[in-house]
1. Can you tell me how many residues within region 72-129 are over 21 Å from ALA179 (Cβ atoms) and in contact with a Leu (Cβ under 8 Å, 6 or more places away or on another chain)?
2. Considering only region 200-228, state which residues are under 21 Å from SER107 (Cβ atoms), among the aliphatic types (A, V, I, L, M) and more than 16 Å from the ligand (Cβ to nearest atom).
3. Every residue in region 136-173 that is within 13 Å of the ligand (Cβ to nearest atom) and assigned to a helix (DSSP H, G or I), please.
4. Quick one: PRO75 ticks every box in (1) at pLDDT below 95; (2) within 16 Å of the ligand (Cβ to nearest atom) bar one, so which box is it?
5. Taking the options ALA197, ALA176, ALA133, name whichever one is in a helix (DSSP H, G or I), within 16 Å of the ligand (Cβ to nearest atom), closer than 20 Å to SER63 by Cβ and of a type in the set (Gly, Ala, Ser).
6. Of GLY46, GLY60, which residue is within 21 Å of VAL208 (Cβ to Cβ), in contact with a His (Cβ under 9 Å, 6 or more places away or on another chain), at pLDDT 95 or above and within 15 Å of the ligand (Cβ to nearest atom)?
7. Have a look at ALA99, ALA122 and point out the one that is modelled with pLDDT of 95 or more, more than 16 Å from the ligand (Cβ to nearest atom) and closer than 22 Å to ALA186 by Cβ.
8. Can you pull out every residue in region 83-113 that is hydroxyl-bearing (Ser, Thr, Tyr) and over 19 Å from MET33 (Cα atoms)?
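The values are calculated or read from the model by the stated rules, or taken from the named source; none is laboratory data. Bear in mind that the values here come from a model prediction, so they are computed numbers and not experimental data. Virtual Cβ from ideal backbone geometry, glycine too; neighbours counted across all protein chains shown.
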Amino acid sequence: MATRLNRGVRRGGLHSRSDLCEYERLSKWNQMMTDASIRERLCVIGASIFARGLTFGSTGNISVRHPDGGWLMTPTNASLGELDPARLSRLDESGQLIAGDKPTKESFLHRAMYEQRGEMNAVIHLHSTHSVAVSCLNGLDQHDCLPPLTAYYVMRVGRLPLVPYYPPGDLELADAVAALAGKHHAVLLANHGPVVAGSSIENAMYAVEELEETARIYLMLRHEDTRPLTPEQVEAIRRRFGVA
Ligand SMILES: [Zn+2]
């Protein structure tokens, strides 16, 4: 675990500028997206997330809205590091499997987010170490788990509510996520990890990365005299960039 954690810390930074430009270019969601290109993109991003230690084993799952309706989703018991484009779960608009392997057992988290946020085209759920660590702390503000330490966090994540703990597979968790997803594209599941939606798979990835990095910074600063952004500074960012 220590090795994995160290690897995550070492590799957990943001992409280089050229990588970011490449992702921005590819994030024009409605342009030229085909079944094959979405499958390819989902697998590349899964591999990138896994290689940087942002999730591990067979944890974490990704879904993308399909241009022909329904979704593509990562299969159950699949490592994000070794996804096969041909075996991704293809779900119809009612969530039924129509091709590929059985979807992740956490598919209900994705459905809950999409049902509340029709404008979102991708959802990523990870067991990313620092976000999970924060989700296990006592005394979190249930309405906003992390302070606004940086402008990018405010822009990419915004307010982060805590979803109460439910055992694995408990469908009440879907209701709890749905109750918050209408107002929040990112939520933190207590003792579990983040669920983040984006207008594209790239934007979902940027947001979940920003959340993980901010969780890491928060833990680094927990016992330091820290000055988060003021409410006025946060409000100015929200106005300028049109974030909720
Ligand atoms: Zn999970």
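1. Qualifying residue count for the region: 18.
2. Those that are under 21 Å from SER107 (Cβ atoms), among the aliphatic types (A, V, I, L, M) and more than 16 Å from the ligand (Cβ to nearest atom): ILE201, MET205, ALA207.
3. So in region 136-173, the residues within 13 Å of the ligand (Cβ to nearest atom) come out as 163, 165-170, 173.
Once the filter is applied, which keeps residues that are within 13 Å of the ligand (Cβ to nearest atom) and assigned to a helix (DSSP H, G or I), region 136-173 yields only LEU173.
4. (1)
5. Details: ALA197 fails: in a helix (DSSP H, G or I); ALA133 fails: closer than 20 Å to SER63 by Cβ.
None of the others qualify; the one that does is ALA176.
6. On the way: GLY46 fails: in contact with a His (Cβ under 9 Å, 6 or more places away or on another chain).
Answer to the selection: GLY60.
7. Values: ALA99 fails: closer than 22 Å to ALA186 by Cβ.
One residue alone meets the criteria, ALA122.
8. Of region 83-113, the ones hydroxyl-bearing (Ser, Thr, Tyr) are 89, 94, 104, 107.
Answer for region 83-113, where residues must be hydroxyl-bearing (Ser, Thr, Tyr) and over 19 Å from MET33 (Cα atoms): SER94, THR104, SER107.
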